[in-house]
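Student: Below: one structure in structure tokens.
The values are calculated or read from the model by the stated rules, or taken from the named source; none is laboratory data. All values reported here derive from a predicted model rather than from experimental measurement. Here the Cβ is made from the backbone with ideal geometry for all residues, glycine too, and neighbour counts use every protein chain on show. Remember, those area values only see protein heavy atoms, side chains included, never the ligands or the DNA or RNA. Shrake-Rupley method; radii C 1.70, N 1.55, O 1.52, S 1.80 Å.
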Amino acid sequence: MKLSPINLALLPLLTAFSASAAVYQVVDLGEVVDARATYATSVNDQGVAVLNGRQLYSIDIDISKIDFDNEVVAAQFSEEQLAELKSGELTAETHAILYSFLLNWPTQYNNIQVTLENRLNNLVERYALQPVTTTAAFIEQGQGVELLQFRATETEIGNDELVTGQNNLNIQVGYATPPFEYIDFTRTTDPESVDDGDEVPEPTEHQIWRPSGALQLGVVRIGNERLTLTPVYSEFGGGLSAAQAINDEGMIIGRGSVSVRENFVTLVEENCTGFSAPIDNCLHYLHSISSGYVNRAMVWQLNSDLTISEPQVLGFLGDKGSNEAHPETELPDIQYSSRANGLNNQGVIVGVSTYSDSSDVIRTERIDPWTGFRFTDENMYSSDRASIFIDGQVLPIFASDDREWLQSVATAVNNNNIVVGYATKFVSGQPRNRMFTYDINSSSIEFPEDFFISANTVPQAINDQGVIVGRTEAVIASAKRQRAFMYNMTDGSFVDLNTYLACDSGYTLVEASSINNSNEILATAVTEVPLRNSFGEVLLDDDGNPRSEFQARAVKLTPIANGTPSDCGVENELTYKRNSASGSLWSAFALSLLVLWRRSRSRSQKLS
């Protein structure tokens, strides 16, 4: 998947130790007025970039629909702030507090110390507070970053939208969660749940936010036209679909619901009665905590008349690579799954699916901590393996008897049938990801050498020239750092993309997500940006100067004609070790603080 997996909590640990110059120029896509942080997704051959934003500014919050006398809500504010809110005044400070509270409220409601039964009986509390949007999709076509709406209006409440890919015809794909509507609800009690002789409680009136529509729908955007991807299975909550990528022939890959888990059906039948909460709310909540749908990789076809064909469900490697489920045994069932990550214009799809071996039974022992009894568990061997989906078959990239790798994933394929992905194995007792390339035409696999043996390397994209980009780890000043990399299959070069930037670029590239056939790259960088409040207004220090922070931002890298790396004079700051890696996140954090302190001190000296 090309959505960035970078954890926001890790971003401050990444610092801008750029040690190179003019091979690539950083083109800042422009400030995104709606989001504090942006993450790269895709750049096509026309140079159009799509990206996703988090920590959104100026999210609409209807304070008239919030009970500020509620103890939980009131505890978030001072008496003065509560008075302002009750009078209808929403400041940047109270908006920030309220947005953070509403954003975290679903997690707070999921208190494991409260039984699931009690939580389900009190869903009117869970949905009494407005759901808020957390992510939005954006597009840049040479005129600044604009909102890429997958919904038809701007008045939707609480739904999230993400763009996952695009083709060279400027058609974008992604997915969106449902919006919410504010409704009146009368809470009643099931008479059969009341003991004989007890009175049935009186109905109570509530106002709550109810989800409207399917749990999640894949979306295709063609200009101002928006088309949705129909799930195969839509019971128990409207179903789920998501688009992952689209090729120039209009073939769309993604995933969708094909059934629902049996234990989920039991939960629904026992709890979603419509008495204590609307059935839609009950289903939405259960899906949010238990992943009720069984999802599989799917393919849709966008037709010339702007209709979308019925989805084709992709298979899985299955038992011993047979593309079938294992024979019936007394062992626990295996939930076979598949996921499509990338495709080319010839319709070759790559991703991951479940492999099993019914002749290999794994026995593990465990001791019950309360009784001390020893138990033996038996499970059939299974693993997620990199797969190729072609002509109705699912083909393995790794041999069936290859148990060296814990799992493997194919992430992308170019139009020359070169697949890239990663495989996971234990290195020094820790699971680490190694990049591989696989030539479908010759059935040959290679493991390019990265910076050191235990580096986590995940490729994200490959162009038709065999240039691969992604994220890896480098040892910089004795500490591990996540860095964007570029690997060229032609000459075997593996480079930190930061070493191809100007010495004073001001950006640290932490992941490259996409590369087009002009070798333009869309990447996520950490850079210093103005610090803004919850309304997006720049904050000033006591002297009236703009305050700043380090934040994630999607950037485009464009090649510089005849560009060559230059010596930035910081060779002592940047060292790569091919054989081992030292340092840790803690040392990275300490070093980051040191660099930030040095920069802050330098700026202070200049101001004085």
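Student: Hey, does region 485-492 have a residue that's in a strand (DSSP E or B) and within 21 Å of I388 (Cβ to Cβ)?
Tutor: Here is the first cut: in region 485-492, the ones in a strand (DSSP E or B) are 485-488.
Next, from what is left, pick out any that are within 21 Å of I388 (Cβ to Cβ): 487.
Scanning region 485-492 turns up at least one residue that is in a strand (DSSP E or B) and within 21 Å of I388 (Cβ to Cβ).
Student: Considering only region 307-337, how many residues are at pLDDT below 95 and either among the aliphatic types (A, V, I, L, M) or in contact with a helix residue (DSSP H, G or I) (Cβ under 6 Å, 6 or more places away or on another chain) (or both)?
Tutor: Of the residues in region 307-337, 3 are at pLDDT below 95 and either among the aliphatic types (A, V, I, L, M) or in contact with a helix residue (DSSP H, G or I) (Cβ under 6 Å, 6 or more places away or on another chain) (or both).
Student: Kindly indicate whether A502 is open to solvent by less than 30 Å² (accessible area, probe 1.4 Å) and of a type in the set (A, V, I, L, M, F, W, C).
Tutor: Numbers: open to solvent by less than 30 Å² (accessible area, probe 1.4 Å): no; of a type in the set (A, V, I, L, M, F, W, C): yes.
No, not satisfied.
Student: Which residues, counting only those in region 508-534, are open to solvent by 10 Å² or more (accessible area, probe 1.4 Å), modelled with pLDDT of 95 or more and part of a strand (DSSP E or B)?
Tutor: I515, the sole residue that qualifies.
Student: Would you call N441 touching a strand residue (DSSP E or B) at 6+ places or on another chain (Cβ under 8 Å) and either open to solvent by 10 Å² or more (accessible area, probe 1.4 Å) or aromatic (F, W, Y) (or both)? Break it down stepwise before answering.
Tutor: Values: touching a strand residue (DSSP E or B) at 6+ places or on another chain (Cβ under 8 Å): no; either open to solvent by 10 Å² or more (accessible area, probe 1.4 Å) or aromatic (F, W, Y) (or both): yes.
It is false that N441 is touching a strand residue (DSSP E or B) at 6+ places or on another chain (Cβ under 8 Å) and either open to solvent by 10 Å² or more (accessible area, probe 1.4 Å) or aromatic (F, W, Y) (or both).
Student: Here's a follow-up. So, in region 449-480, how many residues would count as being modelled with pLDDT under 95 and either β-branched (V, I, T) or touching a Gly at 6+ places or on another chain (Cβ under 9 Å) (or both)?
Tutor: Final tally of qualifying residues: 8.
Student: Right, here's the next one. Give me the residue from region 259-295 that is more than 22 Å from the chain's Cα centre (by Cα) and assigned to a strand (DSSP E or B) and, out of that set, surrounded by the most Cβ atoms within 10 Å (Cβ to Cβ). Walk me through how you get there before you give the answer.
Tutor: Restricting attention to region 259-295, the residues satisfying the condition of being more than 22 Å from the chain's Cα centre (by Cα) are 259-283.
Pick out the ones that are also assigned to a strand (DSSP E or B) and you get 259-260.
On the way: S259: 16, V260: 18.
Checked region 259-295; the qualifying residue surrounded by the most Cβ atoms within 10 Å (Cβ to Cβ) is V260.
Student: Next question, about the same structure. Does T424 satisfy being of a type in the set (S, T, Y) and under 26 Å from the mean Cα position of the chain (by Cα)? Spell out the reasoning first.
Tutor: Working: of a type in the set (S, T, Y): yes; under 26 Å from the mean Cα position of the chain (by Cα): yes.
Criteria met by T424.
Student: Going through region 204-240 one residue at a time, which ones are among the hydroxyl-bearing types (S, T, Y) and in contact with a Leu (Cβ under 9 Å, 6 or more places away or on another chain)?
Tutor: Going residue by residue through region 204-240, those that are among the hydroxyl-bearing types (S, T, Y) are 204, 212, 228, 230, 233-234.
If the condition is that a residue be among the hydroxyl-bearing types (S, T, Y) and in contact with a Leu (Cβ under 9 Å, 6 or more places away or on another chain), then T228, T230, Y233, S234 are the ones that fit.
Student: Could you check region 223-258 and list, in sequence order, the residues that are open to solvent by less than 40 Å² (accessible area, probe 1.4 Å) and of a type outside the set (A, V, I, L, M, F, W, C)?
Tutor: Of everything in region 223-258, those that are open to solvent by less than 40 Å² (accessible area, probe 1.4 Å) and of a type outside the set (A, V, I, L, M, F, W, C) turn out to be P231, G237, G238, G239, S241, Q244, N247, G250, G254, G256, S257.
Student: I would also like to ask the following. Can you tell me how many residues within region 313-355 are open to solvent by 30 Å² or more (accessible area, probe 1.4 Å), under 29 Å from the mean Cα position of the chain (by Cα) and β-branched (V, I, T)?
Tutor: 2
Student: Taking only region 153-184 into account, find how many residues are farther than 16 Å from R54 by Cα and either open to solvent by 50 Å² or more (accessible area, probe 1.4 Å) or of a type outside the set (V, I, T) (or both).
Tutor: Total satisfying the criteria: 17.
Student: Among the residues of region 444-456, how many are open to solvent by 70 Å² or more (accessible area, probe 1.4 Å) and among the aliphatic types (A, V, I, L, M)?
Tutor: Total satisfying the criteria: 1.
Student: Give me the residue from region 105-119 that is part of a helix (DSSP H, G or I), out of contact with any Lys or Arg (no Cβ under 9 Å at 6 or more places or on another chain) and over 24 Å from D60 (Cβ atoms) and, out of that set, least open to solvent (accessible area, probe 1.4 Å).
Tutor: If we filter region 105-119 for residues that are part of a helix (DSSP H, G or I), which is where we start, we get 105-109, 116-119.
Retained after the next criterion (residues that are out of contact with any Lys or Arg (no Cβ under 9 Å at 6 or more places or on another chain)): 107-108, 116-118.
Okay, now just the ones that are also over 24 Å from D60 (Cβ atoms), so 116-118.
Details: L116: 56, E117: 118, N118: 76 Å².
Top of the filtered list is L116.
Student: May I pose another question? Quick test of your reading of the structure: Q143 fulfils all but one of (1) touching an Asp or Glu at 6+ places or on another chain (Cβ under 9 Å); (2) open to solvent by 20 Å² or more (accessible area, probe 1.4 Å); (3) free of Cβ contacts under 8 Å to residues at least 60 places away in the same chain; (4) not aromatic (F, W, Y). Name the failing condition by number.
Tutor: It fails just one condition, (1).
Student: Restrict the check to region 425-434 and report whether at least one residue is out of contact with any strand residue (DSSP E or B) (no Cβ under 8 Å at 6 or more places or on another chain), assigned to a strand (DSSP E or B), of a type outside the set (G, A, S) and open to solvent by 10 Å² or more (accessible area, probe 1.4 Å). Spell out the reasoning first.
Tutor: Our first condition is that a residue be out of contact with any strand residue (DSSP E or B) (no Cβ under 8 Å at 6 or more places or on another chain); within region 425-434, this holds for 427-430.
Those left that are additionally assigned to a strand (DSSP E or B): 427, 430.
Okay, now just the ones that are also of a type outside the set (G, A, S), so 427, 430.
Subset that is open to solvent by 10 Å² or more (accessible area, probe 1.4 Å): 427, 430.
Yes - at least one qualifying residue is present in region 425-434.
Student: Does region 92-104 contain any residue that is over 30 Å from E31 (Cα atoms) and either part of a loop (DSSP other than H, G, I, E, B) or modelled with pLDDT of 90 or more (or both)?
Tutor: If we filter region 92-104 for residues that are over 30 Å from E31 (Cα atoms), which is where we start, we get none.
No, region 92-104 contains no residue that is over 30 Å from E31 (Cα atoms) and either part of a loop (DSSP other than H, G, I, E, B) or modelled with pLDDT of 90 or more (or both).
Student: Also, quick follow-up: Mind listing whichever residues of region 267-292 are at pLDDT 95 or above and either within 24 Å of G351 (Cα to Cα) or basic (K, R) (or both)?
Tutor: Selection gives nothing.
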